[in-house]
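Take a look at the structure below.
Bear in mind these aren't lab numbers, they're just calculated from the coordinates by the rules spelled out. Values in this document were obtained by computation on a predicted structure and should not be read as measured data. Positions of Cβ are backbone-derived with ideal geometry, glycine not excepted, and every protein chain shown enters the neighbour counts.
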Amino acid sequence: MAKYWLAHRNGALTVEAAVVFPLMIFLLLAMVIGGIGVLRFQQVACQARETARFAAVHGGDYQLFTNATSPTQQMIFQQVVVPMTAGMAVESLTLQVQWIDQSTGKLYTWDSASKDVLSITPLGEYVTNTVRVTVNYQWTPNFLGVGSLSLQSTSEIPMVY
């Protein structure tokens, strides 16, 4: 009886395998691509944090105490962001560095800002200015026609030097 049952199941096993194996392979590849996407987003977030830290200590006081010019946005990109691009397409990365005057709330592009650490409010109080960094990465997973995804992270940190 058992031999008869197994002999008639061979065709059913083949059909089941033809349905299940491609589905399993698809799910496995989707998980791997999803994991790579999470890795890329974590890279972008790390780049934003590290760039904000770098800019926060290379402001106006840095220029005064070191007799060195404050780095430009392009220099920051080359010195901080590019070294952390393992496996990323550098041409798909964009960087925006802004200096925020906390006494007025105005945003200035990094290259045109005074980069002062402190500002004075209309009431005569000192406030610490901040740096805002936004890193954007256009990631194309190349998986079943999924288009390009924009991964973006913003980090804001007070000026310290």
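Note down the Stokes-Einstein diffusion coefficient of the range 98-154 in µm²/s, whole number, using a Kirkwood radius over alpha carbon pairs, 25 °C, and 0.890 mPa s.
Working: Rh = 13.8 Å.
Result for D is 178 µm²/s.
Can you give the helix-only mean residue ellipticity at 222 nm for the chain, where every DSSP H stretch with n ≥ 4 adds -39500 (n - 2.57) and the sum goes over all residues, rounded to the nearest 500 deg cm²/dmol?
Details: 3 runs with 66 residues, N = 161.
Rounded to the nearest 500, it is -14500 deg cm²/dmol.
Treating only the Cβ of Lys, Arg, Asp and Glu as charged (+1, +1, -1, -1), what charge dipole size does the chain show about its Cα centre? Round to the nearest 20 debye. Mind showing how you got there, number by number?
Working: 8 positive and 9 negative charges, 147 e Å.
The calculated dipole for the chain is roughly 700 debye.
Anyone know which of 146, 57, 131 comes out most mobile in the 10 Å Cα GNM of the chain?
Among 146, 57, 131, the largest mean-square fluctuation in the Gaussian network model of the chain belongs to 146.
For the chain, compute Rh as the Kirkwood radius over C-alpha pairs and then the Stokes-Einstein diffusion coefficient at 37 °C and 0.692 mPa s; write the answer in µm²/s, rounded to an integer. Write down the numbers at each step before the final one.
On the way: Rh = 19.2 Å.
Reported coefficient: 171 µm²/s.
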